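S.K.: Below: one structure in structure tokens.
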Amino acid sequence: MKNLVLLISTLFISTNVLAQVTIEIPDTIQVLAVNAEKPQVEGGLFSSTKTLNLADGENQVVFRYSPYFSQGNDRVIVDSEAVITKFDAANQTFTFELPEYKNANQAEKVIGEWQVKLLNQQGQPLALKQDILRKDGLQIGRDYVLESEAYNRTTGIAALSTGIVATQALPAADVKVDANTAEEMLHFWYQKADAETRAKFKQYVNQQ
């Protein structure tokens with residue numbers, strides 16, 4: 001049974017890896033919350049580009065654009081507002097299309113107008129809804145997860161749909177399968193698998 005569960009997990013992981021939404025995150029973009037949860041962004045600490053992997057379907061992500069500029073020996077960072085977005089996508093990779101500013105002064109004047117724009121691999125923009133995630137008063141130490149939860153209880157245009165519990169795509173190491181549901185999952189994933197995967201499964205069973 002343990003081996004069977006492991007096989008089912010492998011089938012699940014293979015399908016999950018192939019069917020997910022990937023967003024490439026440049027170093028000027030901060031991911032503040034994902035589906036009202038703490039974001040799981042993959043990539044090294046000093047990587048210029050990281051990735052955010054999401055499950056197919058409806059997702060909600062809070063972004064901030066933070067371009068930086070050199071002024072003498074100093075590095076000046078200009079932050080946009082926290083922008084909460086909602087979109088529905090499947091099995092695609094997206095990149096940001098970001099405005100460029102000549103200097104920090106120009107950025108400070110117009111960055112308040114910044115809107116999220118994501119392009120797929122064909123250069124087509126992703127249809128998304130977005131809103132400013134506002135908070136009055138002190139901005140230091142904001143809890144964007146709690147703010148997203150509060151936003152989702154409103155009628156905001158980027159609020160998650162009622163009854164939908166969206167999650168981030170789990171890395172392979174985090175996938176867990178309850179042995180009690182093995183048979184049910186086996187039938188489900190066997191039907192989802194392609195002919196080659198089914199053949200491998202039959203070969204595995206015959207060898208047991």
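S.K.: Name the residue that is surrounded by the most Cβ atoms within 10 Å (Cβ to Cβ), counting only residues in region 111-127 that are touching a residue at least 24 places away in the same chain (Cβ under 8 Å) and assigned to a helix (DSSP H, G or I).
M.R.: Per the criteria, the residue is ILE111.
S.K.: Right, next: Out of all the residues in region 71-83, which are part of a strand (DSSP E or B) and surrounded by fewer than 17 Cβ atoms within 10 Å (Cβ to Cβ)?
M.R.: Those that are part of a strand (DSSP E or B) and surrounded by fewer than 17 Cβ atoms within 10 Å (Cβ to Cβ): GLN71, ASP74, ARG75, VAL76, ILE77.
S.K.: Now, a different point. Check VAL41 against each of (1) in contact (Cβ under 8 Å) with a residue 24 or more places away in the chain; (2) under 25 Å from ALA159 (Cβ atoms); (3) of a type outside the set (Lys, Arg) and name the one condition it does not meet.
M.R.: Going through the list (1) in contact (Cβ under 8 Å) with a residue 24 or more places away in the chain; (2) under 25 Å from ALA159 (Cβ atoms); (3) of a type outside the set (Lys, Arg), VAL41 breaks only (1).
S.K.: Does LEU146 qualify as being modelled with pLDDT of 80 or more and in contact with a strand residue (DSSP E or B) (Cβ under 8 Å, 6 or more places away or on another chain)?
M.R.: no
S.K.: Among the residues of region 128-161 satisfying the criterion of being in a loop (DSSP other than H, G, I, E, B) and of a type in the set (D, E, K, R), which is farthest from GLN92 (Cα to Cα)?
M.R.: Within region 128-161, the match that is farthest from GLN92 (Cα to Cα) is ASP136.
S.K.: Filter region 90-115 down to the residues that are in contact with a strand residue (DSSP E or B) (Cβ under 8 Å, 6 or more places away or on another chain) and among the aliphatic types (A, V, I, L, M), then identify the one that is nearest to LEU126 (Cα to Cα).
M.R.: Among those residues, the one meeting the criterion is ALA90.
S.K.: Another question, then. Has region 133-141 got any residue that is modelled with pLDDT of 80 or more, loosely packed, with under 10 Cβ neighbours inside 10 Å and not hydrophobic (A, V, I, L, M, F, W, C)?
M.R.: Yes, region 133-141 contains a residue that is modelled with pLDDT of 80 or more, loosely packed, with under 10 Cβ neighbours inside 10 Å and not hydrophobic (A, V, I, L, M, F, W, C).
Listed here are the residues, each with its yes/no results for (1) modelled with pLDDT of 95 or more; (2) assigned to a strand (DSSP E or B); (3) in contact with a Pro (Cβ under 6 Å, 6 or more places away or on another chain).
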{"position": "LEU4", "(1), (2), (3)": "no, no, no"}
{"position": "ILE8", "(1), (2), (3)": "no, no, no"}
{"position": "ASN16", "(1), (2), (3)": "no, no, no"}
{"position": "VAL21", "(1), (2), (3)": "yes, yes, no"}
{"position": "LEU32", "(1), (2), (3)": "yes, yes, no"}
{"position": "SER47", "(1), (2), (3)": "no, no, no"}
{"position": "VAL62", "(1), (2), (3)": "yes, yes, no"}
{"position": "THR85", "(1), (2), (3)": "yes, yes, no"}
{"position": "LEU98", "(1), (2), (3)": "yes, no, no"}
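S.K.: Specify the residue that is farthest from ARG134 (Cα to Cα); the eligible residues are those in region 56-87 that are touching a helix residue (DSSP H, G or I) at 6+ places or on another chain (Cβ under 8 Å) and among the hydrophobic types (A, V, I, L, M, F, W, C).
M.R.: Once the filter is applied, the top-ranked residue is PHE69.
S.K.: Which of the residues spanning region 96-109 are surrounded by 12 or more Cβ atoms within 10 Å (Cβ to Cβ), within 28 Å of the chain's Cα centre (by Cα) and not aromatic (Phe, Trp, Tyr)?
M.R.: Correct list: LEU98, PRO99, ALA107, GLU108.
S.K.: Next question. Which condition does THR49 not pass, out of (1) surrounded by 15 or more Cβ atoms within 10 Å (Cβ to Cβ); (2) within 20 Å of the chain's Cα centre (by Cα), if it passes all the others?
M.R.: (1)
The values are calculated or read from the model by the stated rules, or taken from the named source; none is laboratory data. Please read these numbers as outputs of a predicted model, since none were measured by experiment. Every residue, glycine as well, gets a Cβ built from its backbone with ideal geometry; the counts of neighbours run over all protein chains shown.
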